[in-house]
Amino acid sequence: MMKKLKICLLLLGVSALCCGAAACAELNEIEQLEQEGYVVTVSYDSNGGAFMGRDGIMIVDMFDPSQYEEDEDGNVNIKLVDPTDQDRPSGSDSPITLTRTGYFLAGWYKTRTIVTDESGAPVDESGAPLEETEDGTYVLAGTQTVGYPAYTYADPWDFTQDVLTVSASGTYSLTLYAGWVPYFEFRYFYEEDGEWVQYGVTDFDYKTTNAAGSDSADRDTIWIPRWDDGAMNYQHNYADNSRFRFPEREGYTFDAAYTDEACTRQIEDSFEHVGTVDYDTGTAEGRVQNIYVKFVEGTRYRIENAGQLAAHGDADGWYEILADLDFGIGEAAWPAALSNNSFTGRFYSTEGQHYTIRNVTVTHNSRNAQYGGLFGQVAEGAVIRDVSFAKVTLDIVNAGQRLRDLMFGVFAGNICAGAQIENVTLSEAAMQIGAITPGSGPMFNLVANTDVGADRSGLIVEGDVGLTVYGTDLRNGEYNFTVRFVEDEQGNPVQPDITVDADGNIEITFTTTVRTNAASYVINYQKQEADNV
C-alpha cells in the first residue's frame, strides 16, 4: 500500500507534457525531481499518435518509491494511470486525448518490434520498404516521402489490473508504447480489360465498432445498392442514423458485387467484415476485405411513373421506361435537364415493349438555354427508341434574350448527326411561342431542327402539329408580341409574319414590341403525304 498519494507527473513546464524528454528545456526539472527521490520514470510514447492534437509529445510520470510501502522482498507496487484517464491532470480545462488519423488504439505495450521484409528492411503497413534517416525517422525507400513503420507488439499493459513492481532502493524506467492498428477497410474494384482496378475504399474503427453496447456496431457492414423510386440508391443509414455510401463509378450503374475475384460469391444484401484483432500482439488479421463490383454502362434509371422521371432529370442518363407515363396526373413536370440541354444518354422502352408518354407540357422559360424541346438537343451517340409521345406541347414562354442561334422544336431543338432515333412517334403535338426577343439566327421547327447528315426517319409525326403565337398578357386587355405583323388597310395587325415550310421550319421576323387586342394567332402545320417528319 501507499503511505500517501504522491505525484504522478506529466511534464510540460510545471504540469504536464514534455516534447521529447531528453531534448526539451524541462530536462533540468526532471533531474531535480530525480534528486528529490522521483527515480521511477514511466514514459508513454504516442508512437506516431498525437497527445492533445500535438505531434511529438511524450507523457512522463515520475514516482518516489519511498512514498510506497515495501513488501518483504524490498519492492514497492505502483499503480499506473492510463495517460488518457479523464481524472489525470492535463494542465488545461480539457482532458488529455490521444489520436492518430486512420488508426485506432489497440492498447499500451511494453515491447514493440518493427516489421521487416525478407531482406530485413523495415516496412510500412502496406508492406512498402522504408529507409531510416539520420534523425531516426523513416522515408519510403528511394524517396524523400515520410513513411511510418509497421510494428508488432508484446507484453500488453492492463491499467485495471497490472502494477509496476520495482525495488524500493533503486532507479527504474519503463516505456509503454501506444499500439496502433489501421482502420479496417473495404476496398472496391471494377474490371477493365481483364484486370481488377481499385476505385474506392471505405473504412471503420474496429475497436469502437466491436465495443460492448457500441452505437456504431454496424459500421463493419456494407450494403449493396438497390433500385429505389426509379434510381439506384447507393446509401444506407447506419443504426446511429449516419450514412454509409457504396462507392459509385461515374457514368456507370451498379450491377452486382462479389467477395472473390472469380465472382462466384455474390453479396445479396449486405456483408459484414470478417477481420479480427489480436490484442495480445496489437495486430490485425484480414484487415482488408476486397469487394469486386460489376457495373453496366450509363447512369441508369428504371421509370414506372411520371413522378420518377420528373425527379431524375439527367442529360446523360439512360432511361428504361417500364410503363406508360401520364404527366397529366399529379404535379409531375417534364425535367428541364432533358428539355434545356444536349441529351447524350438513352431513352427507351423495356425490351419487347413500346410505351407512351402523354400529356407533357414543356415550359421553356430560360434565358440561358441554347435549346428547347422534349429534348433540348439529341447529341451524337444518343439513342431514343421504342417510345411514343402524345399530347405534347412546347410552350416557349421565355427564351435567351440576345442569345444567338437558339434552336427550338417540339421533339428536339436539334438532332445531331450520329444520333439514333428508332420507332418513335409524336402525335397531338403543338408549339406555343410567347413574347420572346432572342438574338440573331433563331431556328424554330415544329418537330426538330437537324444537322446535316442527321437521320430523322425513325421519328414518325402523326397528324398536324399546331402552332400558336401569343404575347404577354398585360392584364389590360392587350398583349405584347415581338413578331412583325401584316397590317390591313387601316393599319391593324391581322396575322403575324410567319411561314412554315413542308419540313416544319418556321420563319418569324422579330422586331420591336407590337400591341394587339388579339390573344393569339393559330396556325396548323399541314403534313404533306411525302413528308416523313
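Figures for the structure shown
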| quantity | calculated |
| --- | --- |
| Ascending count of other beta-carbon atoms within 10 Å, so fewest first, for S90, S339 | S90, S339 |
| Contour minus Cα-Cα distance for N241 and E31 (0.36 nm per residue) | 70.3 nm |
| Förster radius 41 Å - calculated FRET efficiency between D501 and A311, Cβ distance, rounded to 0.05 | 0.60 |
| Derived scalar couplings ³J(HN,Hα) [the stretch 175-187; Karplus, 6.51 cos²θ - 1.76 cosθ + 1.60; whole Hz; x for Gly, Pro] | 10, 9, 9, 5, x, 9, 10, x, 3, 6, 10, 10, 10 |
| Residue order, fewest to most surrounding Cβ atoms within 10 angstrom, among K391, K294 | K294, K391 |
| Nitroxide proxy distance, nm - points 7 Å out along Cα→Cβ at E304 and S270 | 2.3 |
| Stretch gain in nm, segment D203-R404, where the contour uses 0.36 nm per residue and the Cα spacing is subtracted | 67.3 nm |
| Likely footprinting exposure, E422, E69, fewest C-beta neighbours within 10 Å first | E69, E422 |
| Other-chain or far-sequence residues with amide H under 5 Å of D64's (modelled H) | I7 |
| Placed amide H near L174: partners under 5 Å, 5+ positions off or other chain | T41, V42, S43 |
| Cross-link reach list, aspartates and glutamates versus K110, counting only Cα pairs under 17 Å and skipping chain neighbours closer than eight places | D45, D61, D82, D155, D158, D162, D278, D280 |
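Values in this text are rule-based calculations from the coordinates and carry no lab data. The structure displayed is predicted, hence computed values, not measured ones. Note: ideal-geometry Cβ built from the backbone for every residue, glycine included; neighbour counts use all protein chains shown.
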